[in-house]
Each structure stands twice: as structure tokens, then as C-alpha cells.
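Peer 1: First the structure, which I've put down as C-alpha cells, then a few questions once you've had a look.
The values are calculated or read from the model by the stated rules, or taken from the named source; none is laboratory data. Keep in mind that this is a model prediction, so the values were computed, not measured. Quick reminder, even Gly has a Cβ in these numbers, built from the backbone with ideal geometry, and neighbours come from all protein chains shown. In case anyone asks, the SASA skips ligands and DNA or RNA and just uses the protein heavy atoms, side chains included. Shrake-Rupley method; radii C 1.70, N 1.55, O 1.52, S 1.80 Å.
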Amino acid sequence: MVRSTKKVLLINWDSYPNFATGGVYFWAKRLIEGLPDWKFVVFHQLSNPNASSEYPLPPNVEKVIELPIFGTSRYEEYCDDGRPLLRKIRGTSKRLVEESFLPLFESFMAGFIADDSGASQLVDLVCELRKVMRGRDSKKLLEHPATWEIFLDCLRKDPLYREMGIREALTAFRVMQRGLQMLSLELPRVDITHCSLAWLPSFMAIVAKREQGSPILITEHGVAYRELLLYYNAYLYDQPSKIFWKVFSRNVVRAIYEAADIIAPVCRANEVWERTLGADPSKIRVVYNGIDTERFRPMDVPREERAPTVISVARVDPFKDITNLAYAIKYAKERIPNIRCLLYGDSNNLEYSRRCVSVVESLALGESFKFMGSTKEPEKAYNSGDLVVFSGITEGFPFSIIEAMACGKAIVATAVGGVPEALGECGLLVKSRQPRDLASAITRLLTDEKLRNQLGAASLKRAREQFSIGSSIQRISQLYESLASRETRPEVMKEVPVRG
């Protein structure tokens, strides 16, 4: 029986409501606003200190639980879960730490860094750790000297992990410290838990299901595991660390998939990854992203110049590979000297932003490549050029692609993630990280008006028929109703009693 007041716990990471940018933010915003009969509690883990603390909320958002994992402050300074901090500290006795928490933390570590742990075993390890952490002082537990020693001992027992440097080991430990502190939080009662990614914050979905019987729905926009691998390969240089993070991340994802009732990727490309990572195929329901086809439509936009103009709407981020786009424009200039590229998008990565500016300057692109900053009117941005280009190295089912399609624009894009699935036969696809191939496709469309118009018309038709926001929200609503009506009995998770 569905309760009269239906409530969703929406679990996010660095997106809605604190970061008003990116596909996941707009997906969450449109979802919440499109389901006014559902109440939402947003659990938001924040890794970026530039997060905004002021944001508008629709009336059906009942609460936002913000959990920063940066800095050294207690999360209780930002998040009130209804339990007095002093009581938590007093309830976290030395005996409880030594006799209850430390053995469970050791079991958790051993299970999550092993490559042969069963998925159900991993779920149980999360729940057991939750039992002892619930209502306790997470700082006292996770920053206890013995917690660090146990972590090191787990590494030393493995012939490969013991070769990790102390710096890499300390970084891994800190990530786990900050990621696991949420297990001490008290959660409000909810009917459903909806995760926008399969990563550490979604441990709280496992908790809600075990304690409350709340079914779990996972919507993966970009597969977290795939994007983490790209990050590890880019920023980790020693093999033991790469393998450690690969195994740990895979186990986190496997636990979340195991606990999930429905896995709703935004494209078939993500489904392939999810199956490879052990997701039960019977749980998977693809739900494509949708956009407002009344807002995103062909329109006349005044242009400063009539020069051949390429538009890109993307964050200045390594995954969007803006430097690849810059090189492509450099090569395209060899055939179209007056070409212009206008890049609309903000950034929270200062180092990469500086690198992009440096590359544009080194290529002497000048006015041929302009950083336009973020825009609140992307529909006008798409319509201000002759074609739209995307150069990313990883994607889920990007809103920017289907928004540009709904504006009737011809598109050149890298064939990554769900991009080919979205674009179909309505644009030109090239391999990622191949600037000459990208330049060739750009040049082809700019010099062939007939083909450009044909592809633009096909894009418009496809977007209107298949990717409307109404149909996307309706699919999610149906999944919500299905999950909320399930007879799910929670397993009672009793807190570990306080001992002196």
C-alpha cells in the first residue's frame, strides 16, 4: 500500500541543488519540479568547496542534507540530523571503539579491497558498519589512531598494496574517512531512495533499504566506475594505487547494484557497463533523458558576424576535452580561415581552465576561439551558430546533444557513451581525442549547406519524437509508483548499545 505522503530520498554528488550547472543538476531540477505530488529529501555529498550555500528550492523539497567532505570541520556544523553532538561524543566510548567499531572497520576494509568478495557480503559489511556508527561521533571513530593502523595493516597483508607509497595510502584513507562519516547520520523516513550515481554516497540507500524497507532506484548518467577509471589513469602514476582504487571502486559499485531494486541507466551504452560490473539484467530499465522541446527549438538569433560559426556548450573540464576542440579548430582554419568557435560553459577546475587558455594562445587562435562563459540561455547559444560540436572523452546521455538536436542544428560529436545512441543518423561521429578527424567533420558540414540542413532537420524530428521531458518524467513517475507499492519489510538494524 502506497503511503498518502510519498517521499523520495534523492542522493546526489556535487550537483543539485548546490551546483547550478551540468546535466545531472538540470535532470534533478526538472525531475523534482515535474513531480509536484512527491516530496523530496535531497542528500548531497559535496567534495568541492566552491559549492553554493544559497539556492532556490521548489515547495516539494522538504529538506536538503548537505554533507561536505572537504576541510577539517565536523559535518554537524552543516547538517543537523536531530541528534545532539554532545550525546554522540559521549556515546562513542573507548570500549565501543575498540571492541565494536575497529573489528568491523577491519572486516569492511578486507572485504572492499579484495577482488573475490561476494556482492551480498559487501552489502552486509556496509550495514554492519552502519549499526555501530549510527548515532555515534564519526570523527571519534574514523580519526582514532587505531583506525589508521588497521587500514595500513590491510594494505601490508596484500603483496601488491603494500607497495603503495605513504602519500597514496594516506589519500585513500582520507577519502574513506570522509566518505564513510555519513554512516553515522540519522535518515528521515522515506518511501523510495533514488540515487543519481553508484558511488559512496549511495551507501545511504543501502542503509535506508535495510532500516526502512525503502526500495532503491539508481539512475546513472555517466557510469561512475568508468569515469573514476579515467580519473585514476590521469592522476595516479604508480600501479599499486591504480589497482587498489580499481578494486575498491568496483566493489562499491557492485554493492550498490546488488542492493538496488531497479537500475535505470539513461542509455544502452551505460547498460553494457552495468552488466559488465555485475548488475542483474532483470533490474535494468533504460530511461532516456528528456528536454523541454518548447524551450529548445529553432529560432533566429542575431549574430555579430556572418563568419562560419561552431558552437560548443560544455563545462571547461578534462572529460570534455576542450583542448582537443581547440586543436580541431586550428586544423579547420587551414581550409576555412575565418572560422569561429564559441565555447559556452563554466568551470570549477582552475588548473585545466588555465591549460585550455594556454593552448588556445599557443595555437594563435585569437578571435577564432572564444571562451564565452556560462549562459542561462543555452537555447540561444545553440541557435547562434551554423553547427554544434562536442569533443568529450566520456559521456552518459548528454543533455547538450539532445538540446542541440531540438534546436534543429547539425552536430559533430565524439562517439563516446550514449552519444551515438542519442544522435542516431542525425549527425557526424568521430573518434575521441582525434582533433584532425574532428576538424575534417567540422569542415565537411561547414562547406556543405545541403547536408547541414538535412542533418539539422533530422535532428529536430528525432528530438521531438523521442526525447521530450514529459515522457522522461512519466517513466520515472511510473517507476516510483511501482517501487512505492512494493511490500518490503525492513530488517531491523539495532544500534550497538553504549558501553562504558
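Peer 1: Name the residues of region 124-142 whose amide N is less than 17 Å from a point 7 angstrom out from the Cα of Lys63 along the C-beta direction?
Peer 2: Residues 134-136 fall inside that zone.
Peer 1: In region 1-143, if every C-alpha pair distance is counted and binned at 10 Å from zero, what percent goes to each bin?
Peer 2: Taking all Cα pairs of region 1-143, the binned fractions are 10, 29, 31, 25, 5 percent.
Peer 1: Now for a different question. What is the projected area of the convex hull of the Cα atoms of region 382-444, averaged over all directions, in nm²?
Peer 2: Reported value for the Cα convex hull: 3.8 nm².
Peer 1: I would also like to ask the following. Kindly report the accessible area of region 214-270 per residue (heavy atoms of protein chains, probe 1.4 Å, no ligands, DNA or RNA), in Å².
Peer 2: Accessible surface, normalised per residue, equals 30 Å².
Peer 1: If the label point is 7 Å along Cα→Cβ of Ser47, which residues in region 142-184 have backbone nitrogen under 18 Å from it?
Peer 2: What the label zone holds, given the 18 Å backbone N cut-off, is 168-183.
Peer 1: Can I ask one more? Quick one: accessible surface of Phe390, probe radius 1.4 Å, all protein chains present, in square angstrom to the nearest 10.
Peer 2: Its accessible surface works out to 20 Å², give or take rounding.
Peer 1: Still on this structure, please answer the following. Quick check: the angle from helix 469-484's long axis to the longest principal axis of the chain, C-alpha only, nearest 10 degrees?
Peer 2: Roughly 20 degrees between the two axes.
Peer 1: Using 0.36 nm per residue, how much length does the chain from Arg475 to Glu77 gain when fully extended, once their Cα-Cα distance is taken away?
Peer 2: Using 0.36 nm per residue and subtracting the Cα-Cα distance, I get 139.5 nm.
Peer 1: Cross-link list Lys376/Lys431; Lys333/Lys461; Lys140/Lys242; Lys7/Lys283; Lys320/Lys450; Lys6/Lys29: which exceed 27 angstrom alpha carbon to alpha carbon?
Peer 2: Going by Cα-Cα distance, Lys376/Lys431; Lys333/Lys461; Lys140/Lys242; Lys320/Lys450 fall outside the 27 Å limit.
Peer 1: At q = 0.09 Å⁻¹, work out log10 I(q)/I(0) for the chain with the Debye formula, treating every Cα as an identical point scatterer and leaving solvent out; two decimals please.
Peer 2: These q points yield log10 I(q)/I(0) values of -0.67.
Peer 1: Here is a follow-up. Mind giving me the nanometre distance, one decimal, between the label points for Asp153 and Tyr235, set 7 Å out from Cα along Cα→Cβ?
Peer 2: 3.0 nm
Peer 1: Could you put Lys376, Lys94 in order of accessible surface area, largest first, with the 1.4 Å probe and the full protein assembly present?
Peer 2: Lys376, Lys94
Peer 1: If you project the alpha carbons of region 136-275 onto their three principal axes, what span does each projection cover, largest first, in Å?
Peer 2: 43, 39, 21
Peer 1: Just to confirm the number: angle between the C-alpha axis of helix 435-446 and the first principal axis of the chain, 0 to 90 degrees, nearest 10?
Peer 2: 50 degrees
Peer 1: Then there's this: Can you tell me, using C-alpha contacts under 8 Å and at least 6 residues apart, the relative contact order of region 332-438 as a whole percent?
Peer 2: Reported relative contact order: 20 percent.
Peer 1: Could you tally the net charge around Leu122, taking each other residue with its Cβ under 9 Å from the Cβ of Leu122, Lys/Arg +1 and Asp/Glu -1?
Peer 2: That sum, taken over residues with Cβ under 9 Å, equals -1.
Peer 1: Per residue of region 153-158, what does 6.51 cos²θ - 1.76 cosθ + 1.60 with θ = phi - 60° give for ³J(HN,Hα)? Whole Hz please, x for Gly and Pro, Karplus curve as stated.
Peer 2: Each residue of region 153-158 in turn: 4, 5, 5, 5, 6, 9 Hz.
Peer 1: Where the accessible area of the chain is counted over protein heavy atoms with a 1.4 Å probe, how much of it, in %, is carbon and sulfur?
Peer 2: Result for the chain: 48 percent of the exposed heavy-atom area is carbon or sulfur.
Peer 1: Something else: Rank these by accessible area, largest first, 1.4 Å probe: Val207, Val301, Val357.
Peer 2: These residues rank, largest area first, as Val357, Val301, Val207.
Peer 1: Another one. Show the residues, 5+ positions off or on another chain, whose built amide H is closer than 5 Å to the amide H of Leu387.
Peer 2: Thr309, Ile311
Peer 1: Can I ask one more? Calculate how steeply helix 224-235 sits against the longest principal axis of the alpha-carbon atoms of the chain, using the helix alpha-carbon long axis, and give the answer as 0 to 90 degrees to the nearest 10.
Peer 2: That helix lies at roughly 80 degrees to the long axis.
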